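Only the coordinates and a few stated rules stand behind these numbers; no lab work does. This structure is a prediction, so every number in the text was calculated from the model and none was measured. We place every Cβ from the backbone using ideal geometry, glycine too, and count neighbours over all the protein chains shown.
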Amino acid sequence: MSTYSSLSSWQEQLRFEYPGVNFQATDHPEGVNAVCEGVLVNPGWRDHPAAPRRGTALCAFGDLVDGEGREFTFGAPDLPLRIVVVRRGDRAWAYVNCCPHNYVPLNDQPDRFVTFDHEWLICSIHGAIFRYEDGYCEDGPCRGRSLEAVDLYNDGGQLSIG
Ligand code: FES
């Protein structure tokens, strides 16, 4: 349950907890992202014009850094579909890189998706935190909502779109 009485105090608390994370009070530098617009317009990521087909190879599982996130981008630059894959131990999960608060990408730097303790995915804009295992927002302005999950499968160490 959130203990923050306002967005600003909540941001201040997060700055204290995660001193290296640059929380931004203003809009994301990229503005409202086309990925998110696509997801909003369509019922789900599979209907996005840039959606990868089932079986599309992403990377070797062993290439993912344990505890970290990595972004994969599909489609043209003006309407990309961004997917973030996070790994913990021998498991990995994928989500559309789109915060359900303001529908912008979670990261403000390449592949920077998680808190320093590697416990949560985190949005760089207002600091919403999400569980690795199901994308549920545990705290932040979109608490109770979830990242949109993308199916993955691991076939002999090769990670692909499910
Ligand atoms: S845009 Fe506000 S928490 Fe992500």
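A Förster distance of 22 Å, applied to the separation of the beta-carbon atoms of Arg112 and Arg54, puts the FRET efficiency at 0.20. Taking each pair of different alpha-carbon atoms in the range 109-162 once, compute 1/r for the pair, average those values, and report the inverse of that mean as the Kirkwood hydrodynamic radius in Å to one decimal. Mean inverse Cα-Cα distance, inverted, gives 12.3 Å. Inter-part distance, the range 112-162 to the range 57-97, computed on C-alpha centroids, equals 10 Å. Label zone (Glu68, point 7 Å along Cα-to-C-beta; backbone nitrogen cut-off 17 Å) within the range 119-162: 119-122.
With all pairs of different C-alpha atoms in the average, the Kirkwood value for the hydrodynamic radius of the range 39-162 is 14.4 Å. Evaluating 6.51 cos²θ - 1.76 cosθ + 1.60 at θ = phi - 60° for every residue in the range 110-115, the Karplus couplings come out as x, 6, 9, 10, 10, 6 Hz, glycine and proline recorded as x. This ranking places Tyr136, Tyr95 by how few other beta-carbon atoms lie within 10 Å of each, fewest first, which gives Tyr136, Tyr95.
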